[in-house]
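Here the structure comes first, spelled out in structure tokens, and everything after it is commentary.
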Amino acid sequence: MPRNSSRLNYRHTILAAYGGYVAQAIVLNFIPLLYVTFQSELGIPLSRLSLLSLVCFGVQLLIDLLSGAFVDRIGYRACAVAGNLFCAVGLCSLAFFPLLLSPTAGLFLSTCLYGMGAGLLEVIVSPIVEACPTKRKESAMGFLHSAYCWGSVFVVLLSTLLFSVFGIGHWKILACLWGIPPALNAVLFLFVPLYKLPEPEEKNRSSFRSLVSRRIFWLFMLLMLCAGATEAAVAQWASAFAEQGLNVSKTIGDLAGPMAFAVLMGFCRVFYAKNLGRISLEKFLFIGAIGCVFSYLLTTLPPVPGLNLVGCALCGLFVGILWPGTYSLASKAMPYGGTLMFALLALAGDIGCMTGPVLVGMVSDLADNALKIGILAAIVFPLLAVFGSACVLKKEKSLQKSLRRSLPDESEER
């Protein structure tokens, strides 16, 4: 640990973790704002642009698979610093690689770099916060995941403002500027104190075999996959959907699409963090999944652009609980899952983030660039989330019923 790290405490560690999710928000939300620009300026079709999400989340998926073997060995600090630096280099390289290589190869190489960074941060940031000596772990997790939302809002708002003032042709300069925050966060991670997750006894330690042998683990994996797919299918295509599918200007499309989505998702996660003791998380998860289905229908079915944009924004409100809520429930059900459990849950989430946008892009391409049809096809994911959250809710009700039966009857005691 660096010499002057003693001056810092766990609050600075949580602040650095917030910065990690902001870095992830930058790389995952800035690039989709440029899909239409890439299509017109670089001549890349939508079906190939959808593969950028496939590559990004595919690289993250690979990191998730490998992280269980190397994160504990090289340490969380090294991984946090490397993750932020990969995000910074990947963003800056967007300005150069498409010129030095072919446009497609350059974009894909940059995507691989920031995908590696996002993957590392996805795996380690949640357990870093989980290990901090905070009293309300679930609340801290909710605020942590809300940092991603506010980072997304900041990225979309500032990018849209600069595009409208200086023109979309200066996107390469902005890509380099967006590389600065993750670079600074890498420096912060050099100095903050890092804490360890509770060490279980050997007999209680969760191995890969013990995790995959539990039904509840696979239920959480399904929920994470659906959370990632439901969120990314709308978030990654919201800008292009508003601009092309609804025929509104890019500025209005970005503000009413991805930014409104991120704002409402952030409010959902802050509400979850502040009201955790007042509402059942299992019920909250089920309501969120039902709301996502409604939002998808409102986004795609009415022939009214205003309602479609409202549906797109509402999706952010309802999907906000799925990812952090599943993390919290999994931590409660499997308290000694450790880095391996977080890595596998992140793996499922990234599979969803990879699958959702690609499905939208491919179906839209088959339907003559009709993004409404592509997004409607992705409704399968919130529907599966309804099923998964209903199973979790049913399991929780059964557990509460069993606990009530096991309590002594007060009348008998008297």
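Numbers below:
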| read-out | value |
| --- | --- |
| Per residue convex hull volume, Cα atoms of segment 25-170, in Å³ | 118 Å³ |
| Lys372, Lys283, reordered so the largest accessible area comes first (probe 1.4 Å) | Lys283, Lys372 |
| Kyte-Doolittle mean at least 0.5 and Cα axial length at least 27 Å: DSSP H helices in the chain | 10-29, 46-74, 103-131, 137-166, 215-235, 281-300, 338-366 |
| Coarse-grained scattering of segment 29-96 at q = 0.21, 0.29 Å⁻¹, given as base-10 log I(q)/I(0) from a Debye sum over alpha-carbon atoms | -0.98, -1.31 |
| Rg ratio (alpha-carbon, reference 2.2 N^0.38 Å) - the chain | 0.98 |
| Above-threshold pairs, the threshold being 23 Å between Cα atoms, out of Lys135/Lys332; Lys196/Lys274; Lys135/Lys394; Lys172/Lys372; Lys283/Lys372; Lys274/Lys394 | Lys196/Lys274; Lys135/Lys394; Lys172/Lys372; Lys283/Lys372; Lys274/Lys394 |
| Two-decimal log10 I(q)/I(0) for segment 67-132, as the Debye equation yields it once each C-alpha is a single scatterer, q = 0.19, 0.21, 0.29 Å⁻¹ | -0.70, -0.78, -1.12 |
| Rounded if a/c under 1.5, otherwise prolate or oblate - segment 105-181, Cα gyration tensor axes | oblate |
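The values are calculated or read from the model by the stated rules, or taken from the named source; none is laboratory data. The model shown is predicted, which means the values in this text are computed figures rather than measured ones. These accessible areas exclude ligands, DNA and RNA; they are computed on the full protein's heavy atoms, side chains included. Shrake-Rupley method; radii C 1.70, N 1.55, O 1.52, S 1.80 Å.
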